[in-house]
Amino acid sequence: MPDNLSKHSEFIVSCYERVTRLETPHELFSLLKETANALGFTNYGVVFLPDRQDRLIRSAFVVTNVSEELVAEYDRHRLLENSPVMSALRKNRMPVEYDVEHLPLQRPAEQTEFIRDLFMKHKVPRGVFLPCYDNVGRKGAIA
């Protein structure tokens with residue numbers, strides 16, 4: 001992940017603008033891949049913000065190239081319930097970063113080591129969620 005995302009702000013803004021002009025799923029996949037690569041990420045996703053009572057993250061994803069095994073394990077252990085990323089996205093409109101190696105995980109102690117191991121195993125130790133809204137006002141994020 002880049003040391004300073006603000007240096008990429010013009011690129012990120014242009015990506016947001018391009019999203020509004022997308023017409024096909026293929027265009028969305030291409031833009032997500034291009035954006036992830038430009039910012040030094042290998043994975044990407046678009047997710048709607050799950051309701052507080054939702055227990056599974058799988059149904060919130062519009063698209064992602066994150067390992068199906070990671071998503072299945074995440075859901076099997078019901079990790080959405082204590083997600084600090086989803087909680088932060090609900091509270092504000094700022095990008096939300098996570099780093100399982102260097103930042104406090106803000107989760108119950110029994111989940112901390114499991115999350116670290118799971119995300120390291122699937123090579124997603126850090127990331128950023130950029131809040132966005134669809135054309136009817138549903139909040140989500142580009143990850």
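The values are calculated or read from the model by the stated rules, or taken from the named source; none is laboratory data. Values in this document were obtained by computation on a predicted structure and should not be read as measured data. As a convention, Cβ positions derive from the backbone with ideal geometry for all residues, glycine included, and neighbour counts pool all protein chains shown. Please note that ligands, DNA and RNA were not included when accessible areas were found on the heavy atoms of the full protein model with its side chains. Shrake-Rupley method; radii C 1.70, N 1.55, O 1.52, S 1.80 Å.
The table that follows gives values for the structure above.
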{"item": "Cα gyration tensor, segment 62-116 - rounded (a/c under 1.5), prolate or oblate", "result": "oblate"}
{"item": "In sequence order, calculated HN-Hα J values of segment 60-71 (Karplus, 6.51, -1.76, 1.60; Hz; x Gly/Pro)", "result": "7, 6, 7, 7, 6, 10, 5, 3, 4, 5, 4, 4"}
{"item": "Net length gained if the chain between A38 and M94 were fully extended (0.36 nm per residue, minus Cα distance)", "result": "18.1 nm"}
{"item": "Rounded percent of accessible protein surface that carbon and sulfur make up, the chain, 1.4 Å probe", "result": "52 percent"}
{"item": "Amide H within-cut-off set for C132, under 5 Å, with H built and near neighbours excluded", "result": "G140, A141, I142"}
{"item": "Dipole moment magnitude, nearest 20 debye, segment 1-83 about Cα centre, only Lys, Arg, Asp, Glu C-beta charged", "result": "100 debye"}
{"item": "Helical contribution to [θ] at 222 nm, DSSP H n ≥ 4, -39,500 (n - 2.57), averaged over the chain, rounded to 500", "result": "-11500 deg cm²/dmol"}
{"item": "Of the GluC sites (Glu not before Pro) in segment 1-103, those whose Cβ has at most 12 other Cβ within 10 Å and which sit in DSSP loop", "result": "E23, E101"}
{"item": "The chain: relative contact order as a whole-number percent, Cα under 8 Å and 6+ apart", "result": "22 percent"}
{"item": "Calculated from backbone phi, Karplus (6.51, -1.76, 1.60) coupling profile of segment 14-29 in Hz, x at Gly/Pro", "result": "5, 5, 4, 5, 5, 4, 5, 9, 5, 10, 9, x, 4, 4, 5, 4"}
{"item": "Stretch gain in nm, segment V62-E81, where the contour uses 0.36 nm per residue and the Cα spacing is subtracted", "result": "4.9 nm"}
